[in-house]
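J.: Let me give you the structure first, and then I'll get to my questions.
The values are calculated or read from the model by the stated rules, or taken from the named source; none is laboratory data. Keep in mind that what you see is a predicted model, and the values were worked out from it rather than measured. Glycine gets a Cβ as well: all are built from the backbone with ideal geometry, and neighbour counts include every protein chain shown. Accessible surface areas use protein heavy atoms only, side chains included; no ligands, DNA or RNA. Shrake-Rupley method; radii C 1.70, N 1.55, O 1.52, S 1.80 Å.
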Amino acid sequence: MGAFLRQRAHEIRPAVRANPSRRGQDGRTLRRRALMIVLGAALAFVLVSARLVELSLKGVHAPLLSQVEAPPSNYARPDIVDRNGRLLATDVAVPSLYADPALVLDRDEAAEKLAAVLPGLDQEELRRDLAGKSRRFVWVRRGLAPRLAQAAHDLGLPGFGFRNELRRAYPLEPLAAEVIGSVDTDNRGRAGLERYVDSAIGIDGVHGATLSGRVPVRLSLDTGVTHSLRDELATALRRFGARAAAGLVMDVDTGEVVATASIEREPQPTRAHKEAIDRVAGGTYELGSLFKIVTVAMALDGGKRGIGSILDVTKPLVAGRYTIEDPHPAGRPLTLSEVFTLSSNVGAGLLALEAGPERQKEFLDRLGLLMPMITEAGAVAEPLVPGQFGRAEQITVAYGHGLAVAPIQFAAAAASIINGGERVLPTYLSSIGQPQPVRGRTLSAAASSRMRELMRLNVTEGTGKRAGVPGYDVGGKTGTAEMADKGGYAEKRVIASFLAAFPMKSPRYLVLVSLFEPHGTPETDGDVTAGTNAAPTAGRIIARIAPQLGVFPDTGKVAELGLGE
Amino acid sequence: MRMPIVAALLMALSSAFLVYGLSYDTRQMEARVNDRERLAEKLRNDIAVLKAERAHLARPERIEPLARAQGLKPSTEKQLARDVAGTGIITGSNPNR
């Protein structure tokens, strides 16, 4: 190009020389042309840069094709950790086996070989899936163990491949499994806290196996305490020949569930993780004399009764065709505190009648015992409330029959009675660093203080003696409820429960233990009442978990009881 | 007229080389970043598996019999001590309690 220009210049120059008069005019034309070219180029540049600026400001509109995003193949979930940061649930990438039916050469051979390697693979179904040649993608098995994936890979079948997917792992299973819940094959929460994570915290749809970048969900549960609770319940199950055992440890101020466990004597072979029986929140039971905590608190809160006031319990109570008697009648009038520590049914019935149905219902409602309750792990089994509060219902509810509630719901009510009268809502989430919500009051601080004294008294000299732990100032109440049977109540089939709190001077934790259908043993003199089985179990649990929870013993009392050994 | 044109040509040529070099480097870099990202994801997944395995191996159910075989027992209230500030060792060392 350079040569061409030079040649042109050469051609022009002689002409210019030949006619000097036209020289200036030619130079002007040339400059004008050059200027026009430069201007044209400049204009083009301005246009291009203007378009660039416009694009960078507005962003490029993606072509229509990619606007339809493929649905995510699975979901990344945040980890779940306990209150101390120990891992309870996490996502791990695992290979999933898929097939491209169009590329499978011999589907009978493939199905047979795969069934030999992968246990539980339905050969018929796989053969049917592979027969549909129009489909290009069929899942064979999702979430394979690495060893099985290798074995399947080693078969060298054409048309089969692996794709990494996220799968939920529960390293501490079965610890707290009934609360944590489960997920489906796409890693979406299906039950329990996993479902709560979906709705309240959020999960991210992903292609392949990209882990979630979200902050772990911190629960209120303590792994160590939960294990101790499970272990002691399992021991009690064996010792007292019970059919099942359930237990709960709750912070009385915040309602945080520190530990929960529900174990069955007969293993449930067909029940997987997702269907673990939860007797703490998933079933309602008549809890028997535990309800006297509520009844006596109601009497004290009304201000009409003090702990020294006398009740005439010598005569049985009659309500319609029922006669309510005490199993071991005192034979004399009792004070209110004796009604509690000797667990007098007649006394509790008298207190309920005295308060009247309206007041009794209102008080139960204020403690949250009549309404359905919801926690992060889902709905708690709904309480079974008698349709009306007639004389018979008033008396039976007063000593814990006729009103069935889930243990966790009763524990929340009891926590409120113990903690000075603040309403308690059970939660499975850690409330560290969260402001305490204002929850309202359920009863007077004075009545709550009296109740703490009564519960302590019941352990030092009442039915709960065996729950005592030196130094820990344990207080509590026994409850032995006969189980409703065909046409009445069976006397030997009982639910033996103990509700304890410690240390009673300023309670921090509540422990609820329920043993279902315990048997009499030589150790209990053939007895099945809660004082002989549930109470000592609660005592053992407290002795074990209190140091773990960092609760200090009352050292003065340790010396006094000679615990130095 | 000659010099500016030649200079412009040279500049056009060199910038073409420069642009090509840059885009080549960028593609290389992209490939490297992709590799790294894939490696990071793989490592993250490995870490997740190891964390899960560690938690599984340290589950109390498994540790307890091992600890008892060593002659260890659950901690008792006698092992609790208050430090100078009046908080317990467990309470003090663990902000989550």
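J.: Hey, which of the helices (runs of 4 or more DSSP H) in the range A:357-420, taking only ones fully inside, have at least 1 residues that are farther than 22 Å from A:VAL339 by Cα and of a type in the set (A, V, I, L, M, F, W, C)? Don't jump to the end; show me each part of the working.
T.: Values: elements: A:357-366, A:391-398, A:407-418.
Because the criterion is at least 1 residues that are farther than 22 Å from A:VAL339 by Cα and of a type in the set (A, V, I, L, M, F, W, C), the helices (runs of 4 or more DSSP H) in the range A:357-420 that meet it are A:407-418.
J.: Under 6 Å between Cβ atoms, which residue pairs at least 6 apart in sequence (or on different chains) link something in the range A:143-172 that is on the phi < 0 side of the Ramachandran plot and away from chain B (no Cβ under 13 Å) with a partner that is open to solvent by 30 Å² or more (accessible area, probe 1.4 Å) and basic (Lys, Arg)?
T.: A:LEU155/A:LYS113
J.: What's the total number of residues in the range B:54-84 that are open to solvent by 70 Å² or more (accessible area, probe 1.4 Å) and not in a loop (DSSP other than H, G, I, E, B)?
T.: Residues flagged as open to solvent by 70 Å² or more (accessible area, probe 1.4 Å) and not in a loop (DSSP other than H, G, I, E, B) within the range B:54-84 amount to 13.
J.: Take the conditions in a loop (DSSP other than H, G, I, E, B) and either modelled with pLDDT of 95 or more or crowded, with 22+ Cβ neighbours inside 10 Å (or both) and apply them to A:VAL424. Does it pass? If you could, list the steps in order and put the result at the bottom.
T.: Working: in a loop (DSSP other than H, G, I, E, B): yes; either modelled with pLDDT of 95 or more or crowded, with 22+ Cβ neighbours inside 10 Å (or both): yes.
So A:VAL424 fits the description; yes.
Condition check ((1) open to solvent by less than 60 Å² (accessible area, probe 1.4 Å); (2) outside any loop (DSSP other than H, G, I, E, B); (3) out of contact with any helix residue (DSSP H, G or I) (no Cβ under 8 Å at 6 or more places or on another chain)) across all residues:
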site: A:ALA236; (1), (2), (3): yes, yes, no
site: A:GLY282; (1), (2), (3): yes, no, no
site: A:ARG305; (1), (2), (3): yes, no, no
site: A:HIS328; (1), (2), (3): no, no, yes
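J.: Can you pull out every residue in the range A:217-228 that is over 7 Å from A:ARG83 (Cα atoms) and away from chain B (no Cβ under 11 Å)? Don't jump to the end; show me each part of the working.
T.: Let us first name the residues in the range A:217-228 that are over 7 Å from A:ARG83 (Cα atoms), namely A:217, A:223-228.
The one that is over 7 Å from A:ARG83 (Cα atoms) and away from chain B (no Cβ under 11 Å): A:VAL217.
J.: Give me the pairs, please: first residue somewhere in the range A:240-262 and open to solvent by 10 Å² or more (accessible area, probe 1.4 Å), second residue anywhere and outside any loop (DSSP other than H, G, I, E, B) and among the acidic types (Asp, Glu), beta-carbon distance under 9 Å, and either six or more positions apart or on two chains.
T.: Between residues of the range A:240-262 that are open to solvent by 10 Å² or more (accessible area, probe 1.4 Å) and residues that are outside any loop (DSSP other than H, G, I, E, B) and among the acidic types (Asp, Glu), the close pairs are A:ARG243/A:GLU264; A:ASP253/A:GLU422; A:SER262/A:GLU178.
J.: Whether any residue in the range A:19-38 is in contact with a helix residue (DSSP H, G or I) (Cβ under 7 Å, 6 or more places away or on another chain), at pLDDT below 90 and either open to solvent by less than 60 Å² (accessible area, probe 1.4 Å) or of a type in the set (Lys, Arg) (or both) is what I want to check. Walk me through how you get there before you give the answer.
T.: Quick first cut of the range A:19-38, residues in contact with a helix residue (DSSP H, G or I) (Cβ under 7 Å, 6 or more places away or on another chain) only: A:23, A:26.
Imposing the further condition that a residue be at pLDDT below 90 reduces the set to A:23, A:26.
Still in the list and also either open to solvent by less than 60 Å² (accessible area, probe 1.4 Å) or of a type in the set (Lys, Arg) (or both): A:23.
Checked against the condition, which is being in contact with a helix residue (DSSP H, G or I) (Cβ under 7 Å, 6 or more places away or on another chain), at pLDDT below 90 and either open to solvent by less than 60 Å² (accessible area, probe 1.4 Å) or of a type in the set (Lys, Arg) (or both), the range A:19-38 yields at least one hit.
A quick yes/no check of all residues on (1) modelled with pLDDT of 90 or more; (2) farther than 25 Å from B:ASP46 by Cβ; (3) touching a Cys at 6+ places or on another chain (Cβ under 6 Å); (4) hydroxyl-bearing (Ser, Thr, Tyr):
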{"position": "A:TYR75", "(1), (2), (3), (4)": "yes, no, no, yes"}
{"position": "A:ASP82", "(1), (2), (3), (4)": "yes, no, no, no"}
{"position": "A:ALA89", "(1), (2), (3), (4)": "yes, no, no, no"}
{"position": "A:ASP100", "(1), (2), (3), (4)": "no, yes, no, no"}
{"position": "A:ARG107", "(1), (2), (3), (4)": "no, yes, no, no"}
{"position": "A:ARG128", "(1), (2), (3), (4)": "no, yes, no, no"}
{"position": "A:LYS133", "(1), (2), (3), (4)": "no, yes, no, no"}
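J.: Anything in the range A:204-218 that is closer than 13 Å to A:ARG167 by Cα and either under 17 Å from the mean Cα position of the chain (by Cα) or hydrophobic (A, V, I, L, M, F, W, C) (or both)? List them, or say none.
T.: Correct list: A:VAL206, A:ALA209, A:LEU211.
J.: So, one more: Within the range A:514-537, how many residues are farther than 19 Å from A:SER343 by Cβ and open to solvent by less than 10 Å² (accessible area, probe 1.4 Å)? Walk me through it before giving the result.
T.: Quick first cut of the range A:514-537, residues farther than 19 Å from A:SER343 by Cβ only: A:516-517, A:519, A:521-523, A:526.
Subset that is open to solvent by less than 10 Å² (accessible area, probe 1.4 Å): A:516.
Summing the residues that are farther than 19 Å from A:SER343 by Cβ and open to solvent by less than 10 Å² (accessible area, probe 1.4 Å) in the range A:514-537 gives 1.
J.: Which condition number does A:ALA209 fail, the rest of (1) out of contact with any strand residue (DSSP E or B) (no Cβ under 6 Å at 6 or more places or on another chain); (2) within 14 Å of chain B (Cβ to nearest Cβ); (3) modelled with pLDDT under 90 being met?
T.: Result: A:ALA209 fails condition (1) only.
J.: For the range A:338-387, give me the residue count where each residue is of a type in the set (Gly, Ala, Ser), within 28 Å of the chain's Cα centre (by Cα) and open to solvent by less than 40 Å² (accessible area, probe 1.4 Å).
T.: Within the range A:338-387, the subset of a type in the set (Gly, Ala, Ser) is A:343-344, A:347-349, A:352, A:355-356, A:368, A:377-379, A:381, A:387.
Checking the rest, the ones that are also within 28 Å of the chain's Cα centre (by Cα) come to A:368, A:377-379, A:381.
With the extra rule that they be open to solvent by less than 40 Å² (accessible area, probe 1.4 Å), the set shrinks to A:368, A:377-378, A:381.
Residues flagged as of a type in the set (Gly, Ala, Ser), within 28 Å of the chain's Cα centre (by Cα) and open to solvent by less than 40 Å² (accessible area, probe 1.4 Å) within the range A:338-387 amount to 4.
J.: Name the single residue that is nearest to A:LEU549 (Cα to Cα) among those in the range A:87-106 being surrounded by fewer than 19 Cβ atoms within 10 Å (Cβ to Cβ) and touching a residue at least 12 places away in the same chain (Cβ under 8 Å).
T.: Within the range A:87-106, the first condition is being surrounded by fewer than 19 Cβ atoms within 10 Å (Cβ to Cβ), and the residues that meet it are A:98, A:100-103, A:105-106.
Okay, now just the ones that are also touching a residue at least 12 places away in the same chain (Cβ under 8 Å), so A:98, A:100-103, A:105.
On the way: A:TYR98: 49, A:ASP100: 55, A:PRO101: 58, A:ALA102: 61, A:LEU103: 60, A:LEU105: 62 Å.
Within the range A:87-106, the match that is nearest to A:LEU549 (Cα to Cα) is A:TYR98.
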